[in-house]
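See structure below.
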Amino acid sequence: MRRIFNLLIILVLLVVAGFIAYSKYSEEKRIEQNVIILEKLREATKIVIWEQDFHLTNTSEKTKTYLKYIKTSEKVITSVYGSLGFHIDLMDTINTEIDIEENDIIIKAPLKLTYLTINNSSINQVKEASLDPTINVDKEQIVKELNEIALRQNLEKSISMIKAENLDKQEASLKALTGREVKIILTDYPKLEDEVKKINNKK
């Protein structure tokens, strides 16, 4: 009887040891898989969230008034085509948070402006000249400021459209990469004045 009891104890200990070993192996395997998934996501770097073309029309005008009644003015109407795009950066370990769960992945990241380009070959300017020689609207200066003008006209409108859209396409591409369901949450958006400063600093 005592021998049977000892055998039972040994059997229980073996089962417990086996369970602990299996649990440890499973945990190590899970961590290894998560590291591989994280590396795949980091390698994906920038995920395109939104791209669009735009048509910009801008009117620049200068006026002068003489003797309170006589008004003279000069106007330049500029039109041009351009495009802009946005992304999230999976390599940004400071601002992008990636939570890998057993069955899904949650990515929390700020939206960033990838590019804003002006098609210089499409620039068209019409000048309504003034008879007053002291008034002059500088057409070349307007061209230099087109990036800022385009940003002011399109950034906030684009962000509003992005907020209204889902990210199914991007989430599906990351699911194909990782094998798990992916949810992208945009935590912040580009600020107009911050982006204007960046453009002006490049001049």
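The values are calculated or read from the model by the stated rules, or taken from the named source; none is laboratory data. Because the structure is a prediction, the values reported are computed rather than measured. Heads up, the Cβs are rebuilt from the backbone with ideal geometry, glycines too, and the neighbour counts pull from every protein chain shown.
Numbers for the structure displayed
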{"quantity": "Conditions (1) out of contact with any Leu (no Cβ under 7 Å at 6 or more places or on another chain); (2) modelled with pLDDT of 90 or more: number failed by Asn147", "calculated": "(1)"}
{"quantity": "Pairs with Cβ under 8 Å, 6+ apart, first in region 54-78 and modelled with pLDDT of 75 or more, second among the aromatic types (Phe, Trp, Tyr) and surrounded by fewer than 14 Cβ atoms within 10 Å (Cβ to Cβ)", "calculated": "Thr72/Tyr66"}
{"quantity": "Enumeration of residues in region 158-200 that are closer than 19 Å to Glu51 by Cα, touching a strand residue (DSSP E or B) at 6+ places or on another chain (Cβ under 9 Å) and of a type in the set (Lys, Arg)", "calculated": "Lys163"}
{"quantity": "Tally, over region 157-178, of residues that are loosely packed, with under 15 Cβ neighbours inside 10 Å, assigned to a loop (DSSP other than H, G, I, E, B) and in contact (Cβ under 8 Å) with a residue 40 or more places away in the chain", "calculated": "1"}
{"quantity": "Residues satisfying the stated conditions in region 142-152, i.e. surrounded by 14 or more Cβ atoms within 10 Å (Cβ to Cβ) and closer than 30 Å to Thr65 by Cα", "calculated": "Ile142, Val143, Glu145, Leu146, Glu148, Ile149, Arg152"}
{"quantity": "Total residues in region 76-121, condition within 18 Å of Glu51 (Cα to Cα) and among the polar types (S, T, N, Q)", "calculated": "4"}
{"quantity": "Positions within region 179-199 being outside any helix (DSSP H, G or I) and more than 30 Å from Glu39 (Cβ to Cβ), in sequence order", "calculated": "Lys191"}
{"quantity": "Residue in region 126-141 that is at pLDDT below 90, within 19 Å of Gly82 (Cα to Cα) and surrounded by 12 or more Cβ atoms within 10 Å (Cβ to Cβ) present", "calculated": "yes"}
